[in-house]
Amino acid sequence: MEMSKVIDNLNTLIEICRDGQQGFKQAAEKVKSEELKRYFNEISLIRARMAGDLQAEVNLLGGTPEKQGTVIGALHRAWTDLKAAVGVSDESILASVESAEDHALKTYEKVLLEDLPANINHLVNEQYSSIRAVHVRVRELRDSGLYKVKRA
């Protein structure tokens, strides 16, 4: 197993976690529901911790950890900003969050197919499970019908 490849994979996951951290923080600022604001802020903090855990592993391997998210993540947040500016529903913001979580899951799945040291594989699997649980919860919230635009 090549440590430079492990470091590259971990840095990719750090970027994904930073995207999630920033994306959930931004979503919390855009939604009207206080319940969603609290939930999104909580998940933003969890993603920050996840990124920190991955950065610690990169440091232990002698690499330089990523400190920010991806360009794609920034573009997705800009799209969410635009949608919020035109007055879309919390349901629409939930749909955007779910889409971003789809991307995070796929990235984690790809990394989990790689040859990782056992302790790192365990950490990445735990984080993957956390992201999967959030993805399911966001989809449930979106599909609940509670966050649609109420028409008079």
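Here, each number is a calculation from the coordinates, and none is a lab measurement. Since the model is a prediction, treat every value here as computed from it, not as a measurement. Every residue, glycine as well, gets a Cβ built from its backbone with ideal geometry; the counts of neighbours run over all protein chains shown.
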For this session: Provide the net charge surrounding GLU2, with neighbours chosen by a C-beta distance below 13 Å and charges set as Lys +1, Arg +1, Asp -1, Glu -1.
Result: -2
Exercise. Using a Förster distance of 22 Å, how high is the FRET efficiency between ALA133 and LEU113, based on the Cβ-Cβ distance and rounded to 0.05?
Worked result: 0.60
Problem set entry | Spin-label proximity, ARG38 to the stretch 100-135 - amide N less than 20 Å from point 7 Å beyond Cα toward beta carbon | 134-135
Problem set entry | Lysine-lysine proximity count for the stretch 3-143, Cα under 20 Å, sequence distance 8 or more or distinct chains | 9
Exercise. Tell me, ARG38, ARG132 in order of fewest to most beta-carbon neighbours within 10 Å?
Worked result: ARG38, ARG132
Problem set entry | Signed unit charges on C-beta, dipole axis of the stretch 3-143, positive-most listed residue HIS122, VAL97, VAL31 | VAL31
For this session: Just grab the label-to-label distance for ALA56 and GLU2, each label 7 Å out from Cα along the Cβ direction, in nm (one decimal).
Result: 2.9 nm
